[in-house]
1. Looking at (1) in contact with a Lys or Arg (Cβ under 7 Å, 6 or more places away or on another chain); (2) closer than 29 Å to Gly348 by Cβ; (3) open to solvent by 10 Å² or more (accessible area, probe 1.4 Å), which one does Glu130 not meet, given that it meets all the others?
2. With segment 768-846 as the region, which strands (runs of 3 or more DSSP E) entirely inside it contain at least 1 residues that are of a type in the set (A, V, I, L, M, F, W, C) and under 20 Å from the mean Cα position of the chain (by Cα)?
3. In segment 368-427, which residues are farther than 25 Å from Gln221 by Cα, open to solvent by less than 70 Å² (accessible area, probe 1.4 Å) and aromatic (Phe, Trp, Tyr)?
4. Among the residues of segment 216-233, count how many are touching a Gly at 6+ places or on another chain (Cβ under 9 Å) and of a type outside the set (Asp, Glu).
5. Are any residues in segment 113-126 open to solvent by less than 20 Å² (accessible area, probe 1.4 Å) and among the β-branched types (Val, Ile, Thr), and if so, which ones?
6. Give just the number: which of (1) open to solvent by 10 Å² or more (accessible area, probe 1.4 Å); (2) farther than 16 Å from Trp339 by Cα; (3) not small (Gly, Ala, Ser) does Trp788 not satisfy?
7. Filter segment 715-756 for residues that are open to solvent by less than 50 Å² (accessible area, probe 1.4 Å), assigned to a loop (DSSP other than H, G, I, E, B) and out of contact with any strand residue (DSSP E or B) (no Cβ under 7 Å at 6 or more places or on another chain); which is farthest from Lys642 (Cα to Cα)?
8. Quick test of your reading of the structure: Asp733 fulfils all but one of (1) in contact (Cβ under 8 Å) with a residue 24 or more places away in the chain; (2) in contact with a Leu (Cβ under 9 Å, 6 or more places away or on another chain); (3) over 30 Å from Thr239 (Cβ atoms). Name the failing condition by number.
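The values are calculated or read from the model by the stated rules, or taken from the named source; none is laboratory data. Being a predicted model, the structure only gives us computed values, none of them experimental. Every residue, glycine among them, receives a Cβ derived from its backbone with ideal geometry; neighbour counts consider all protein chains shown. Side chains are part of the model used for accessible areas, which takes the heavy atoms of the whole protein and leaves out ligands, DNA and RNA. Shrake-Rupley method; radii C 1.70, N 1.55, O 1.52, S 1.80 Å.
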Amino acid sequence: MTAPHAPHHKGEVRVGIPTVVTNALSLIALGGALWVGFRPTASVPPLGQLLDPAHGIWAAARVAELPAEQAITLDGLGQAVEVRYDDRGVPHIFASTVADAVRALGWVHARDRLFQMELTARKVEGTISELAGAQALPLDRQSRQRGLVEAARARWNAVPQGSETRTIVEAYIEGINQWVRDSDPSDWPVEYKLLGARPRIFQAEDTYKLLAEMSQVLAWQSEELDRAAVEALVGRAATDALFPVNAPIQEPIEPVPGRHAPRYADVTLPAPEMPTPRGVAEARRAVRTLAQLALEASPTRGEAVVGSNNWAVAPARTAAGHALLSGDPHLQLTLPSIWYEAHLVVPGQLEVYGVTFPLAPVVPIGFNREVAWTATNTGADVLDFYREVVDDTVAPTKYRVDGQWRDLVVREERYRGKQGEVLAVDTLRRTHRGPLLRTESGWLSMRWTALEPSDEATAFWGAMRATSAEEWYRAMESYKAPAQNFLVADRRGSIGIRSTGRYPIRPGDGRGDRIFDGATSASDWIGDWPVARYPQALRPAQGYLASNNQQPLDPQVRPGYLGWDWPNPWRALRINQILRADSAMTPEKMQAAQTDPISAMTAPLVERVRAAVQADPNADEATREAMAFLDAWDQRFTLEAKGALLFSALVDELQRRTWDEFTIPGEDRRVVTPGSMLLMTLMRDNTSPWWDVRATTGTVETRDAVLVQSLKAAWEGVRARRGTDPQAWRWGDVRQASIRHLLQLPGFGRESLAVQSGPGTLSPNDGRGIHGASWRFVVELGDAVRAWGTYPGGQSGNPVSSRYDDRVELWRKGELAPLRLPHTAAEVTGAQLTSVVRFTPLGGAR
């Protein structure tokens with residue numbers, strides 16, 4: 001590496017000395033905290049090594065900022081490449097070939113996000129213990145049991161030799177590895193120093209591990225085990241109704257021609273059955289099985305925490321007559337961010353801007369000068385469990401299908417620690433369907449689209465160069481997993497959406513919401529949906545499109561099983577309400593909608609509560625005071641809102657009383673909680689047995705009684721927790737976001753950020769605040785493409801860098817920054833330019 005750290009000019013260093021010193025000192029303290037968490041302490045580097053001013057944690061401050069200029073000789077480069085970083089830290093990469101551009105991108109990713117990339121690869125491999133020690137062993141075991149690393153390796157090996165995809169991925173990985181090889185310990189991310197580790201050399205298959213990890217984040221499903229526990233407690237009919245295949249409120253992704261409002265199905269919820277001792281035992285066993293497969297019990301279901309949104313508006317419904325697109329994917333909030341912003345320019349071959357995944361040379365969400373694209377998670381059911389019959393309940397070697405014994409594929413897995421020592425040995429098994437897992441419920445095999453052949457990298461590379469919506473979708477026809485609602489807009493005025501992915505067809509009724517009988521091949525998948533059957537729309541008559549993780553198709557119009565227990569529709573109802581009402585949409589309105597503070601659930605629930613209180617002659621003064629306070633609230637979840645806290649507590653109390661049937665007798669927590677969509681559906685029936693609170697004897701509660709009781713309990717509870725002055729109940733003091741470091745290191749994250757968010761709003765928050773908008777952007781596709789965006793973090797993974805969290809405040813306030821889209825390197829100049837890296841081939845520029 002030539003001139004790896006050119007001298008900084010004072011004006012180019014954006015972190016003051018006090019900040020650098022404070023952060024560097026915090027690294028020392030955090031190192032101590034990390035030692036406690038990462039045992040055994042014998043593997044921790046000596047304190048003197050950590051404090052070495054040249055190579056220890058102090059070096060993090062020295063390499064925190066980008067040098068004004070840098071010259072690098074890059075092996076394998078065909079021609080010179082210039083990278084210009086703008087004032088937001090975005091690298092604009094100008095190259096003569098695509099391979100050269102991605103080689104430079106790999107180097108850039110490595111400089112800013114190396115530890116993050118290694119952690120991602122190791123998570124899929126199940127080798128984090130080699131980096132962090134024995135406490136990571138449960139996570140490693142889970143990863144290997146799920147089989148993602150074998151799937152990623154098989155996908156990479158299937159990429160044809162000499163293909164463009166193989167050339168691109170190999171060049172990208174070589175760029176990463178050159179940074180690693182040319183670096184010295186002072187360059188390494190601080191996490192390596194704290195762990196006493198050194199960076200690995202990456203393999204081309206690591207890109208496919210990253211893509212596999214996205215399936216683990218977005219498409220891992222174990223709801224069948226939730227369902228087994230619920231069914232044991234309340235019976236099959238009630239379970240079918242409360243966790244339905246089809247949502248009772250329909251605002252589908254694929255528009256229904258001529259429909260201008262949501263459809264509400266007429267649903268009656270069957271009464272719950274009383275649990276038997278055998279049912280209680282089955283429920284406990286199902287919960288333990290779920291914990292085995294997920295390392296923790298399932299969180300409250302129904303309320304989408306990873307609640308992504310996207311929408312597009314056709315030119316006829318915008319003020320400027322240009323297509324508009326908004327992207328707002330919600331994921332776990334981390335520092336560094338999951339995303340890295342970049343712009344690649346190869347004249348005549350490629351120009352693309354957007355967010356990349358560190359470890360992959362693709363732009364899954366972004367735009368070029370003709371097309372913009374974004375995605376939300378489809379949430380389709382793409383994983384099934386099968387209860388297998390095996391020859392030995394402890395150490396099986398065979399399993400039975402159609403009366404015949406078949407051999408299991410058996411292999412031994414060794415897990416190693418930081419010093420190469422063997423921590424554990426597992427025997428892993430596979431059936432023809434996929435991994436075989438030993439659980440409290442017996443031996444379960446699983447079939448999952450994430451483990452089967454696909455090549456998302458090739459699909460993305462075709463799409464990134466598309467010049468129209470139609471061309472973009474043609475390029476993505478081979479995309480399989482994880483299934484995504486891809487939204488597209490182009491400069492020609494087209495908008496389109498397609499729920500793209502592999503959707504398996506099951507036998508019989510086609511449903512996948514139960515554990516299948518593995519002893520018969522009749523349980524196996526029998527095909528996949530063809531692309532023509534996917535949920536989709538192009539240039540819809542209504543002039544806009546939106547997806548918010550809702551059920552993609554209205555089954556009354558287009559039946560077919562895609563999944564079950566769909567997320568609540570409140571975000572879909574709200575954005576469709578906004579888009580229907582406005583035929584002069586602007587980029588500013590699109591931006592404001594991303595943090596719109598209104599939930600479509602709030603008004604109907606408050607109306608129900610008000611009617612119940614007014615109809616109750618026994619409602620006491622406290623209850624009426626609570627109702628008056630709730631009525632005075634404008635039903636907006638803003639930072640200064642006072643009534644929002646009471647409303648949130650009301651919903652909690654209402655769920656606790658209504659869904660007490662889902663509490664295992666003798667325990668104090670619900671197995672699951674049906675979504676608020678089902679709660680609002682239940683509101684139509686004042687005397688449903690579900691309203692009766694089992695803990696009360698001699699009384700049968702009605703809906704109105706439970707509503708009044710819940711309001712009073714919420715009022716008293718908030719007063720006890722937050723004080724008796726309701727004007728001090730500021731929503732922003734309670735509903736906050738926390739952006740945590742990848743290793744959960746205290747001080748490396750940004751905690752307790754007041755954000756405009758609320759249950760059922762377009763910016764949902766479950767109260768813990770660890771999920772949220774991972775990237776927000778708006779694109780206007782006019783004569784010149786204009787775009788705005790931000791994400792919660794910064795481009796650098798160095799906690800001392802000014803680029804580590806410089807975007808957090810803008811994100812917290814729901815604001816976006818203009819995105820720069822220069823045609824040439826010469827356009828990034830003056831105040832917009834912060835750093836230049838010039839790459840030359842070995843042997844000089846050509």
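1. Answer for Glu130: the failing condition is (2).
2. Of the strands (runs of 3 or more DSSP E) lying wholly inside segment 768-846, those with at least 1 residues that are of a type in the set (A, V, I, L, M, F, W, C) and under 20 Å from the mean Cα position of the chain (by Cα) span 771-773, 776-781.
3. The answer is Trp373, Tyr415.
4. 5
5. Hit for segment 113-126 is Val124, nothing else.
6. That leaves (2) as the condition not met.
7. The qualifying residue farthest from Lys642 (Cα to Cα) is Leu743.
8. (1)
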